[in-house]
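Engineer: Structure in structure tokens, see below.
Nothing in this text is a laboratory measurement; each read-out follows from the coordinates by a stated rule. The shown structure was predicted, so the numbers you read here are calculated from the model rather than taken from an experiment. Don't worry about glycine lacking a Cβ; one is built from the backbone with ideal geometry, like all the others, and counts go over all protein chains shown.
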Amino acid sequence: MSLPPGFLDELRTRLSLGQVVGRKVMWDQRKTNQGKGDYWAPCPFHQEKSASFHVDDQKGFYYCFGCHAKGDAISFVRETENVGFMEAVQILAGEAGMPMPARDPQAQEKADRRTLLADVMEQAVQWHKLQLQTAAAGAARDYLDKRGLGPEAQARWDIGYAPDNGGIMAHLTGKGVDSKLVIEAGLAAESDRGGSPYDRFRGRIIFPIRDGRGRAIGLGGRAMAADARAKYLNSPETPLFDKGRSLYNQKPAREAAGKGTPLIVAEGYMDVIALSEAGFGATVAPLGTAITEDQLRLLWRISPEPIIALDGDTAGMRAAMRVIDNALPLLEAGQSLRFALMPEGMDPDDLLKAKGASAMQDLLDQAIPMVQLLWQRETDGKVFDSPERKAALDKTLREKIKLIADPSIRSHYGEAIKQMRWALFNPRNTASPRKQSGGARQPWNRNAQPWQRSLSPVPSNKQSALGAGAANEDHLREAVILATLLATPAVASEFEAQLERMTCADETHTRIRDGILTHIGAVDVVETLTAELAFDPLEKLKEQTHVRITPTVLRAGDIEAARLCLGHELARLSAMRGYAREVSDGMEDTLDDVADESVTWRLAKAAAAVDTSVRRETNDTADFETAENGAKLSKDERSAFDDMLSRISLTKKGQGEAG
């Protein structure tokens, strides 16, 4: 709604800024000169003991010499009550006795009707408060006392009581209120049998529900009878009250959150009251429903990252899980949710009574991000012992991540899920000694810091003639691979799987590899790793001359060249190490007298893999011979291969003679 010219100037003229601010501060009488409109007080926007907050009532401005807050009456109301511009204008216009500019006739009629209904609701709140002090409400007062709510707390929260026989309709109509207004406000309902209207709330403790402006818009009733049809009953939908767009304790919580207090979302009235009484003033609750999209938007207008603190039972966890599905499509940068998980079987009120406010604060400090609870929901109690189950998990998580509209958040969620997936599917364990000696790679732990990760075992080639010179060649290939990834980090994600399987020959290469995997997708990988490792990883690798003159290092950022180089070098490294393991394992089989034709077959397959990678590397066959299966082998490899076959032949001959 637009405001007519001069409206705000007239509003500021009619208001006394000293009176507006005076509701929130205590003036320092030693420095204040009211006659001149010169006021001083401790600043309401930051903690201080001295009076550095100055109000110039004649000019209509305030300024703090401590935190430098400044503004006029409108900005003061916006900041102290955490409301929007138009809400602040409406609040001040009401104080100044200025009607807000007229809207279209229908809108004005609706606004007038809501004002009437709000007045009816406020009368009902006050009547129910009086009923709580009667003899008929003795059991209700005892219940509240047991819950830790004495008379003062009851008065602060306007808690009331609806007698078993009702009475609100009779009271309000006796005060001249039209019965149709009582029904429209949701306090009474028409009888299906055609009789006189009946009171909706009977035999219940009454909790008033107020909107962001503090107006009573509905009631919540807690049944005293154990056999009541519903333990909690809220007002029905009315022109004033929409439970899917309202929050219990909204106005006080908004004001507290505006001062920096974390916003907490509890499950019910008693949790909100208990938390607020314990010092957690920025606490709200939905009204008998799962948190809706409208309520989420309302929460984010109050605070960018509310903490959901639902009960630690099955129903509470189900409610938390439903929140995730509603929130994912609405996420924006800096706008999310965190979850404080209550101990099993406890709600916030139980926790406060059992362990105090410090225990609650500890839980709030440990609140987990939404992505972690999403992962927990999809994995807890499930076993992923087959490719099909793992694929089903991947599909479910992909579908959930697709719900996020913001591409940046979607990307970060994918990265976080990937890290948790690796932690689940690659737990730390040790392979058999024989496989470790053959070069089996221990799983890489993405979650650990680079200096915390254990080193992968280094393959041993002591039993093979391939060990001569092969280790140096492997080390050089690793260096070229790592340097290429650092020079062109944009291609790292395409080779992530191969890089994770690559066993590094020394500690330095291992740390660089783990660092690259940790920061895949980042553009400043070298700078980040330099800070983490305390040395420049690319310069370290370039100490080897061959690495320094590698084309992909010289032409940093050439994506196509980097792809070709990495594809070739990783394939060659994998083939050579695979062949070395087969030779090593084959020699063990021979020594253990278990050699058979399968050893020859395995060696031939490994040699063929080497041949494929060699053909990509060079057309120069001067130093290579051809095996029986057509694979090209170096002279050293051929010698080891022939030696292997000779051992197998002798073993089989000995077995025949023994037979």
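Engineer: Please give me the summed charge of the neighbours of Gly167: other residues whose Cβ is under 14 Å from its Cβ, Lys and Arg +1, Asp and Glu -1. If you can, show how the numbers build up before the last one.
Structural biologist: Details: positive: Lys129, Lys175, Arg200, Arg202, Arg204; negative: Asp164, Asp199.
Surrounding charge for Gly167 is +3.
Engineer: To the nearest 0.05, what FRET efficiency results for Ala139 and Ser179 with a Förster distance of 45 Å applied to their C-beta separation?
Structural biologist: Once rounded, the FRET efficiency stands at 0.90.
Engineer: Right, another one. In nm, what is the difference between 0.36 nm times the number of residues separating His46 and Ala416 and their Cα-Cα distance?
Structural biologist: 129.5 nm
Engineer: What's the exposure ranking of Val265, Val21, going from fewest to most Cβ atoms within 10 Å?
Structural biologist: Going from sparsest to densest Cβ surroundings: Val21, Val265.
Engineer: Can you give me the long-range amide H partners of Gly521? Hydrogens built in the peptide plane at 1.01 Å from N, cutoff under 5 Å, separation of 5 or more residues or another chain.
Structural biologist: Counting only residues 5 or more places away or on other chains, the set is Ser493.
Engineer: Sticking with this structure for a sec: Classify the stretch 7-96 from the C-alpha gyration tensor, please: rounded if a/c falls under 1.5, else prolate or oblate depending on whether a/b exceeds b/c. Walk me through the intermediate numbers first.
Structural biologist: Values: a/c = 2.17, a/b = 1.41, b/c = 1.54.
Oblate is the answer for the stretch 7-96, as a/c is 1.5 or above yet b/c matches or exceeds a/b.
Engineer: Please identify every one of the GluC sites (Glu not before Pro) in the stretch 125-231 that sits in a loop by DSSP and has no more than 15 other beta carbons within 10 Å of its own beta carbon.
Structural biologist: The qualifying sites are Glu190.
Engineer: Distance from the Cα centre of the stretch 505-581 to that of the stretch 168-192, in angstrom?
Structural biologist: Centre-to-centre (Cα) distance: 78 Å.
Engineer: Something else about it: Calculate the translational D of the stretch 250-379 in whole µm² s⁻¹ from Stokes-Einstein, where the hydrodynamic radius comes from the Kirkwood formula applied to all Cα pairs, the temperature is 10 °C and the viscosity 1.306 mPa s.
Structural biologist: Translational D for this selection: 110 µm²/s.
Engineer: Another one. Please work out the Cα convex hull volume for the stretch 105-241 and give it in Å³ per residue. Each step should come with its number before you reach the end.
Structural biologist: Details: hull volume 16.7 nm³, N = 137.
In the stretch 105-241, the Cα convex hull volume per residue is 122 Å³.
Engineer: A further question on this structure: Please report, to two decimal places, log10 I(q)/I(0) for the stretch 148-188 at q = 0.33, 0.35 Å⁻¹ as given by the Debye formula with identical point scatterers on the Cα atoms and no solvent.
Structural biologist: -1.03, -1.09
Engineer: Arranged by the count of other C-beta atoms within 10 angstrom, fewest first, what order do Ser52, Ser191 take?
Structural biologist: Ser191, Ser52
Engineer: Follow-up question, since we're still on this one. Past 23 Å, Cα to Cα, is the threshold; run Lys259/Lys353; Lys59/Lys259; Lys24/Lys251; Lys70/Lys259; Lys129/Lys259; Lys243/Lys353 against it and keep the listed order.
Structural biologist: Too far apart for the 23 Å limit: Lys259/Lys353; Lys59/Lys259; Lys129/Lys259; Lys243/Lys353.
Engineer: In the stretch 501-580, which GluC sites (Glu not before Pro) are in a loop and have at most 15 other Cβ atoms within 10 Å, using DSSP for the loop call?
Structural biologist: Passing sites in the stretch 501-580 are Glu543.
Engineer: When only Cα pairs under 8 Å and 6 or more residues apart are kept, what is the percent relative contact order across the stretch 7-96?
Structural biologist: Details: 128 pairs, mean separation 20.6, N = 90.
Normalised by residue count, the contact order of the stretch 7-96 is 23 percent.
Engineer: Ok, one more. Compute the separation of the alpha-carbon centres of the stretch 1-51 and the stretch 133-162 and state it in Å as a whole number.
Structural biologist: After rounding, the separation between the Cα centres reads 38 Å.
Engineer: For the stretch 30-47, in order, what is each residue's ³J(HN,Hα) by Karplus, 6.51 cos²θ - 1.76 cosθ + 1.60 with θ = phi - 60°, in whole Hz (x at glycine and Pro)?
Structural biologist: Result, rounded to whole Hz: 6, 9, 6, 10, 5, x, 9, x, 10, 10, 9, 7, x, 5, x, 9, 8, 6.
Engineer: So, one more: Which of Leu403, Leu219 comes first, and how do the rest follow, when ranked by fewest Cβ neighbours within 10 Å?
Structural biologist: By the 10 Å Cβ count, ascending: Leu403, Leu219.
Engineer: Residue by residue, what Karplus-based ³J(HN,Hα) values in Hz, rounded to whole numbers, does the stretch 74-89 have, using 6.51, -1.76 and 1.60 with θ = phi - 60° and x for Gly and Pro?
Structural biologist: So the Karplus estimates, Gly and Pro as x, are 5, 5, 5, 5, 4, 6, 7, 10, 6, 10, x, 4, 5, 5, 5, 4 Hz.
Engineer: Can you work out the FRET efficiency for the pair Met86 and Asp242, with r the C-beta to C-beta distance and R0 = 25 Å, to the nearest 0.05?
Structural biologist: Details: r = 19 Å, r/R0 = 0.77.
Using R0 = 25 Å, I get an efficiency of 0.80.
Engineer: Also: Can you run phi through the Karplus equation (6.51, -1.76, 1.60; θ = phi - 60°) for the stretch 494-508 and list ³J(HN,Hα) in whole Hz, with x for Gly and Pro?
Structural biologist: These are the phi-based 3J(HN,Hα) values: 6, 10, 4, 4, 5, 5, 5, 7, 6, 7, 8, 7, 8, 5, 4 Hz.
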